[in-house]
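Let me begin by presenting the structure, written as structure tokens, before commenting on it.
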Amino acid sequence: MNKILSKEYFSEKVVKFVVEAPQIAKARRAGHFVMVRVGKKGERIPLTIADADVERGTITLVVQRTGVSSSKLCALELGDYITDLVGPLGQATRVENFGTVVCACGGVGTAPMLPIVTAMKKAGNKVITVLAARTKDLVILEEQMRENSDEIIVMTDDGSYGTKGLVTDGLETVLKREKVDLCMTIGPAIMMKFVSLLTKKYNVPTIASLNTIMVDGTGMCGACRVTVGGKTKFVCVDGPEFDAHQVDFDEMLMRLGGYREQEREAMERSSSKS
Amino acid sequence: MTGRNEQWRIDLRAKIKAKERTNTIRVKMPELDPVYRGKVRDEEVNLGLTAELAMQEAQRCLDCAKPTCMEGCPVSISIPDFIKRIEVGEFLEAAKVLKRTSALPAVCGRVCPQERQCEAHCIHLKMKKEPVAIGHLERFVADYERESGQISVPEVQPPNGIKIAVVGSGPAGLSFAGDMVKMGYEVHVFEALHEIGGVLKYGIPEFRLPNDVVDVEIDNLRAMGVKFFKNTIIGKTITIKELEEADFKGIFVASGAGLPRFMNIKGENLVGIMSSNEYLTRVNLMDAASDDSDTPVYKGKKVAVIGGGNTAMDSIRTALRLGAEKAMIVYRRTEKEMPARAEEVKHAKEEGIEFLMLHNPIEYIGDEFGRVTHMVLQAMELGEPDASGRRSPIPIEGKTRTVEVDEVIVSIGVSPNPLIAQSTPQLETTKWGTLVVNQETMQSSSMPKVFAGGDIVRGGATVILAMGDGRRAAKSMDEWIRGKS
Ligand SMILES: Cc1cc2nc3c(=O)[nH]c(=O)nc-3n(C[C@H](O)[C@H](O)[C@H](O)COP(=O)(O)OP(=O)(O)OC[C@H]3O[C@@H](n4cnc5c(N)ncnc54)[C@H](O)[C@@H]3O)c2cc1C
Ligand SMILES: Cc1cc2nc3c(=O)[nH]c(=O)nc-3n(C[C@H](O)[C@H](O)[C@H](O)COP(=O)(O)OP(=O)(O)OC[C@H]3O[C@@H](n4cnc5c(N)ncnc54)[C@H](O)[C@@H]3O)c2cc1C
Ligand code: SF4
Ligand code: SF4
Ligand code: FES
């Protein structure tokens, strides 16, 4: 049981929580995540630790509402308790001064990218953030990203805001323009796949943070497995970050769709109840 | 144990002739109807003996001068001592005998592979009779005590102020915690998951081991003063080093063998193929098969489980209960070599599970969505016995068959979870990732403060061995700590 000490809306669909978790705050490094469960019948879902305050014994989570479990979490209020919270999990991000780093994110990947952008900037990198969304209303965390980036490029599929085009279009503008030392990408698997194909063409080392389906998050089940460089890896313990050029995104895409039917049913069930 | 020479025992032995005792037919465990139970998820298959049946079965035991059955029990339970108390109706006294050696009799009575342990050494077998149903009797006594509401909370020594940490709350951790708290230690149990109980909770299904049975034991430990901390991963949330710094004088690592193995064959990452850990965790820990649970689970119609152990049986019987129309076990040796408990195999067959022996998957085929649709099986035959004495399976060249499936559960074994070893480089491990300890004392060879037992030391083993390790570790850690001060 972990108490929510503050709740702030970044947008209608994105909530920032500060949660009491002194041990996790102390042990975490950038890139680590936690598993969160809301309610006795709740699902365990992975969330990146966006920030931590060792002194106050708190961690920060930035949650985007996508389905049942993230909605339940977002519905919690100040003073409520998160039923279960465990971590920090996964391997930490390798943060150092690489030179110029492009952070390309979109959709579900925007929230977990924020701490990476912040950490990369702090380490002295020139950080260029490419932030993509389908349409203007779905552009989130723009302000927070801007504060921590040297430059930010906003892309929308329909051109309703920023530049019209996909994340890859924004990224290619940068790649054509200047020398990039590292690309970080988080987002829907299909997006990361095309980012990876693009940076491969430009020979830019690329790290993708994979958001596979997880159950325990501790290496116990294998639900999160992906093929990297021809070998099966568990994203929760070996990752979540991998060399994007080695990741079999087609397999990952296929595995992510595995429970789509059940997820949709669950969403319908819970919305018909409320 | 002088018990056997007490007058009541001598009289009891004289009351019925040995021949008559051995000639009595072994009791049959009352069980749910196979058709009915194949459709319900959480009703226990075995219903338990009535007092009458238990007393009748207890009569079969000869109260041997040299009870060979005890040699078969990894923790040497005083078997005739508790059985003879059943025969005279002293059930609570029988429970006390069990508890002298076993921390979890209601669990072991249900899940021990008795046919290979205690019952395999019963004298009756020498006379070509069925062995005494020791497991059923053990379960009866433990259940009787629990249901009587007269569970004796063991006496606890006054607190000695010494803090002890336990990593993991499976049978090894629980039995260790119980013994240490009895000796007056302040025991903190850290568990990675959001439930206490280890495999007893997230692995073994309700239809074989109801959660209530385990919870009573956990509540008992709480009542004795053991402190449980869930959602705490040693090696991640807190390191072993930090535990030492926080003044824990001894650390018992009982983190089990939770890492699933895969076969690394073509198509194994297709949708619908998963480890038994994933499948059973979804169903047992997350209650995914219930409508009100947020966690999803596949309810396959044509399900294959690869493997022949208890985990494989639990998985396939769960799949059946979730609505599988075709449910099969695929195993590369024959039924004789299957490591599962005999009773589980029997129950599985009664429920209509198919057994496809001498076959091994070599490839999976999927549809355009990446969902598994077929498995390609290699036919096998048994070759010469290997080092372990088991005949090893060898492929029959060119003989394969393709079977339609929509869900495959891979249940070919587990390895120790590497989290602790990775974060504690000083800890000596084997090439299999198990921790190296002194076999007698369970003390780590490289870090004297650390003791370990159960599956993290043995690889995948049994509940009773894990429990026995916990008890031995408690004894030797206590001696070690007292020896130092
Ligand atoms: C290591 C890791 C770190 C993460 N960090 C964050 C974070 O900091 N903030 C945050 O908001 N989210 C994060 N996520 C994603 C988050 O875990 C999922 O959004 C969440 O599990 C969705 O659960 P749900 O029940 O609300 O939605 P579901 O009902 O499970 O899904 C709703 C919809 O979203 C899609 N979806 C669900 N999960 C993913 C995913 N992982 N990738 C792509 N699409 C998905 C589904 O296909 C479905 O269409 C992270 C994921 C991982 C693996
Ligand atoms: C499905 C299934 C069926 C089985 N059936 C039988 C049977 O019928 N009979 C039988 O005798 N045996 C059976 N077994 C085997 C038996 O359950 C195990 O041998 C036994 O549970 C091992 O006990 P343990 O205490 O060593 O570990 P576990 O029961 O595995 O418990 C270990 C605990 O430690 C926790 N943990 C792990 N790492 C950490 C960490 N870093 N920090 C904190 N906590 C941690 C885990 O979450 C877990 O709760 C079965 C196993 C399975 C999976
Ligand atoms: S603990 Fe297991 S092996 Fe020992 S007597 Fe009981 S059932 Fe038999
Ligand atoms: S060997 Fe069999 S008959 Fe003899 S004491 Fe043990 S259970 Fe009883
Ligand atoms: S989530 Fe279970 S092994 Fe990664």
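The values are calculated or read from the model by the stated rules, or taken from the named source; none is laboratory data. These numbers come from a predicted model, not from an experiment. So basically every Cβ, Gly included, is an ideal-geometry build from the backbone, and we count neighbours across all protein chains shown. We work out accessible area using only protein heavy atoms, side chains counted, and drop any ligands, DNA or RNA first. Shrake-Rupley method; radii C 1.70, N 1.55, O 1.52, S 1.80 Å.
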Check your understanding: Taking residue B:46 and the conditions (1) of a type outside the set (A, V, I, L, M); (2) touching a helix residue (DSSP H, G or I) at 6+ places or on another chain (Cβ under 6 Å); (3) within 16 Å of ligand 2 (Cβ to nearest atom), which numbered condition does it fall short on, given that it satisfies the others?
Key -> (2)
Practice item. Of the numbered conditions (1) open to solvent by 30 Å² or more (accessible area, probe 1.4 Å); (2) touching an Asp or Glu at 6+ places or on another chain (Cβ under 8 Å); (3) within 14 Å of another protein chain (Cβ to nearest Cβ), residue B:342 fails exactly one; give the number of that condition. Key: (3)
Practice item. Please go through the range B:425-461 and pick out each residue that is within 14 Å of chain A (Cβ to nearest Cβ) and part of a loop (DSSP other than H, G, I, E, B). Key: B:433, B:460
Point to revise | Matching entry among B:227, B:236 (being within 16 Å of ligand 5 (Cβ to nearest atom) and of a type in the set (Lys, Arg)) | key: B:236
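Condition check ((1) of a type outside the set (Phe, Trp, Tyr); (2) at the interface with another protein chain (Cβ under 7 Å from one of its Cβ atoms); (3) touching a helix residue (DSSP H, G or I) at 6+ places or on another chain (Cβ under 9 Å)) across all residues:
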{"site": "B:218", "(1), (2), (3)": "yes, no, yes"}
{"site": "B:221", "(1), (2), (3)": "yes, no, yes"}
{"site": "B:225", "(1), (2), (3)": "yes, no, yes"}
{"site": "B:229", "(1), (2), (3)": "no, no, no"}
{"site": "B:241", "(1), (2), (3)": "yes, no, yes"}
{"site": "B:271", "(1), (2), (3)": "yes, yes, yes"}
{"site": "B:283", "(1), (2), (3)": "yes, no, yes"}
{"site": "B:292", "(1), (2), (3)": "yes, yes, yes"}
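For the range A:41-123, which fully contained strands (runs of 3 or more DSSP E) count at least 2 residues that are away from chain B (no Cβ under 14 Å) and under 16 Å from the mean Cα position of the chain (by Cα)? Step through it out loud before you land on a result.
Working: elements: A:44-53, A:58-64, A:84-89, A:100-106.
Correct list: A:44-53, A:58-64, A:100-106.
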Practice item. Being touching a Pro at 6+ places or on another chain (Cβ under 7 Å) and assigned by TED's automatic domain parsing to the domain that holds residue B:393 narrows it down to one of B:275, B:293, so name that one. Key: B:275
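For the structure I just gave you, tell me whether residue B:252 is more than 11 Å from every other protein chain (Cβ to nearest Cβ) and over 30 Å from residue A:248 (Cβ atoms). Before you say what the answer is, go through the steps one by one.
On the way: more than 11 Å from every other protein chain (Cβ to nearest Cβ): yes; over 30 Å from residue A:248 (Cβ atoms): yes.
It is true that residue B:252 is more than 11 Å from every other protein chain (Cβ to nearest Cβ) and over 30 Å from residue A:248 (Cβ atoms).
Filter the range A:1-52 for residues that are of a type in the set (S, T, N, Q) and under 26 Å from residue B:423 (Cα atoms); which is surrounded by the most Cβ atoms within 10 Å (Cβ to Cβ)?
Taking the range A:1-52 first, the residues of a type in the set (S, T, N, Q) are A:2, A:6, A:11, A:23, A:48.
Next, only the ones that are under 26 Å from residue B:423 (Cα atoms) stay: A:2, A:23, A:48.
On the way: A:2: 22, A:23: 18, A:48: 29.
If we take residues in the range A:1-52 being of a type in the set (S, T, N, Q) and under 26 Å from residue B:423 (Cα atoms), then A:48 is surrounded by the most Cβ atoms within 10 Å (Cβ to Cβ).
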Review point. Of all residues in the range B:457-480, which are in contact with a strand residue (DSSP E or B) (Cβ under 6 Å, 6 or more places away or on another chain) and over 14 Å from residue B:439 (Cβ atoms)?
Key: B:460, B:477
Check your understanding: Are there any strands (runs of 3 or more DSSP E) wholly within the range B:207-287 with 1 or more residues that are within 30 Å of residue B:320 (Cβ to Cβ), open to solvent by less than 10 Å² (accessible area, probe 1.4 Å) and of a type in the set (S, T, N, Q), and if so which?
Key -> B:273-275
Study note, to complete from the structure: For residue A:130, the lone unmet condition from (1) touching a Leu at 6+ places or on another chain (Cβ under 6 Å); (2) of a type outside the set (Asp, Glu); (3) more than 22 Å from residue A:203 (Cβ to Cβ) is (3)
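Name every residue in the range A:78-101 that is of a type in the set (A, V, I, L, M, F, W, C), open to solvent by less than 40 Å² (accessible area, probe 1.4 Å) and over 17 Å from residue A:31 (Cβ atoms), in order of residue number.
Step one: filter the range A:78-101 for residues of a type in the set (A, V, I, L, M, F, W, C), giving A:78, A:82, A:85-86, A:89, A:92, A:95, A:98, A:101.
Narrowing further to those that are open to solvent by less than 40 Å² (accessible area, probe 1.4 Å): A:82, A:85-86, A:89, A:101.
The answer is A:82, A:85.
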Point to revise | Filter result for the condition that a residue is within 30 Å of residue A:54 (Cα to Cα) and assigned by TED's automatic domain parsing to the domain that holds residue A:243, over A:173, A:163, A:129 | key: A:129
Exercise for review: Kindly establish whether residue A:191 is of a type in the set (A, V, I, L, M), at pLDDT below 95 and surrounded by fewer than 18 Cβ atoms within 10 Å (Cβ to Cβ).
Suggested key: no
Practice item. Give the residues of the range A:213-239 that are more than 11 Å from every other protein chain (Cβ to nearest Cβ) and open to solvent by 10 Å² or more (accessible area, probe 1.4 Å), sorted by residue number. Key: A:228, A:229
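Does residue B:259 satisfy the condition of being within 30 Å of residue B:447 (Cα to Cα) and within 11 Å of chain A (Cβ to nearest Cβ)? Walk me through how you get there before you give the answer.
Numbers: within 30 Å of residue B:447 (Cα to Cα): yes; within 11 Å of chain A (Cβ to nearest Cβ): yes.
In short, yes.
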**Study point:** Single residue of the range B:178-206 satisfying the filter (open to solvent by less than 10 Å² (accessible area, probe 1.4 Å) and within 16 Å of ligand 3 (Cβ to nearest atom)) that is farthest from residue B:112 (Cα to Cα)
**Key:** B:178
**Study point:** Count of the range B:112-147 residues which are open to solvent by 40 Å² or more (accessible area, probe 1.4 Å) and out of contact with any helix residue (DSSP H, G or I) (no Cβ under 7 Å at 6 or more places or on another chain)
**Key:** 5
Exercise for review: Consider only pairs whose beta carbons are under 6 Å apart and that are at least six residues apart or on different chains; among these, list those whose first residue lies in the range A:200-220 and is part of a loop (DSSP other than H, G, I, E, B) and whose second residue is more than 16 Å from ligand 5 (Cβ to nearest atom) and not charged (D, E, K, R).
Suggested key: A:202/A:175; A:204/A:180; A:204/A:183; A:205/A:182
Check your understanding: Looking at B:371, B:317, B:321, which is the one that is open to solvent by 60 Å² or more (accessible area, probe 1.4 Å), in contact (Cβ under 8 Å) with a residue 60 or more places away in the chain and either more than 16 Å from ligand 5 (Cβ to nearest atom) or within 14 Å of chain A (Cβ to nearest Cβ) (or both)?
Key -> B:371
Point to revise | In the range B:148-177, residue farthest from residue B:286 (Cα to Cα) [restricted to those that are surrounded by 24 or more Cβ atoms within 10 Å (Cβ to Cβ) and out of contact with any strand residue (DSSP E or B) (no Cβ under 6 Å at 6 or more places or on another chain)] | key: B:175
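Taking into account only those residues within the range B:389-438 that are among the basic types (Lys, Arg) and in contact (Cβ under 8 Å) with a residue 12 or more places away in the chain, which is surrounded by the most Cβ atoms within 10 Å (Cβ to Cβ)? Walk me through it before giving the result.
Residues of the range B:389-438 among the basic types (Lys, Arg): B:390-391, B:399, B:401, B:431.
If we keep only those that are in contact (Cβ under 8 Å) with a residue 12 or more places away in the chain as well, we get B:390-391, B:399, B:401.
On the way: B:390: 13, B:391: 16, B:399: 12, B:401: 11.
Out of the qualifying residues, it is B:391.
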Point to revise | Residue satisfying all of: in the range B:448-481; open to solvent by 20 Å² or more (accessible area, probe 1.4 Å) and among the aliphatic types (A, V, I, L, M); farthest from residue B:110 (Cα to Cα) among these | key: B:457
